[in-house]
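See structure below.
The values are calculated or read from the model by the stated rules, or taken from the named source; none is laboratory data. The structure displayed is predicted, hence computed values, not measured ones. Cβ: placed from backbone, ideal geometry, glycine included. Neighbour counts: every protein chain shown. When the accessible area is computed, the model is the full protein with side chains, heavy atoms only, and any ligands, DNA or RNA have been set aside. Shrake-Rupley method; radii C 1.70, N 1.55, O 1.52, S 1.80 Å.
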Amino acid sequence: MTGRQEVLESVERAGIVAVIRIKEPERLKAVVEAISEGGVRVLEVTMTVPNAVKLIADLAPRMPAGFLLGAGTVVDAETARQVIDAGARFIVSPVFRQEVIDACHARDVSAMPGCFSPTEILTAWDGGADVVKVFPATTLGPGYIKDVRAPLPQVKLMPTGGVTLDNAGDWIRAGAIAVGVGTSLLDAKAIAAGNYDVLRTNAERIVKNVREAQAERLEPATRAAN
């Protein structure tokens, strides 16, 4: 199994990618510990974080066991190569750019470009995307995932934007393999105040929601197998 395949399976099992755009990167280690304790095991550090590449390089060797660290808001091949060298295991973008996918695959790293329309989604998938990030999903709702997957069942989708602690499971039930979640999980006020227990509680809540949805999706297949 390649590194890309392992990461893809890990993301699909986790069902949740925490997306962080923190203003105080020195707090990130405590954030990671808090959400990890709450059961969230995948984190995307965006390039909008100050000194993001260095931060990923500092964090990568110190991640908790079983924790997956990636980079987000990557829009060019050179940045993709830099964050991969720093230790990112997957690369997420708000847009589809073939050069980014190619740079990732040259290093056996998963690429997750952002798309909005069905045409963009299929183009990115045909271009080698490991997962297509549906972005911005804020105005779409879970029904959009179900509608897209009806004619395109082969495409692995991860909505980002509009995902909350309480509706995360609805996106999974609609057919998403995972959700990208930012502010509703990583409460900026709690982080600024150093109140990391809030993050742990948030993580526990969204994990419970997603696990229930994943179990519901497995039930029909389990019944069919029996």
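Points to keep in mind about this one:
- Test: residue in region 84-106 that is under 21 Å from ALA213 (Cβ atoms), among the hydrophobic types (A, V, I, L, M, F, W, C) and open to solvent by less than 10 Å² (accessible area, probe 1.4 Å): no
- Residue identified as basic (Lys, Arg) and over 28 Å from ASP166 (Cα atoms) among ARG41, ARG13, ARG107: ARG107
- Within region 91-115, no residue that is more than 22 Å from PRO136 (Cα to Cα) sits with its Cβ atom under 9 Å from a residue that is modelled with pLDDT under 95 and open to solvent by less than 10 Å² (accessible area, probe 1.4 Å) at 6+ positions apart or across chains.
- Every pair of residues 6+ apart whose Cβ atoms lie under 9 Å, when the first sits in region 151-173 and is open to solvent by 60 Å² or more (accessible area, probe 1.4 Å) while the second is in a loop (DSSP other than H, G, I, E, B) and of a type outside the set (Ser, Thr, Tyr): PRO153/GLY175; ASP170/GLY141
- Candidates are the residues of region 11-47 that are within 16 Å of the chain's Cα centre (by Cα) and open to solvent by 40 Å² or more (accessible area, probe 1.4 Å); the one that is modelled with the lowest pLDDT is ARG21.
- Counting only residues that are surrounded by 24 or more Cβ atoms within 10 Å (Cβ to Cβ) and touching a Leu at 6+ places or on another chain (Cβ under 7 Å), region 107-123 holds 1 of them.
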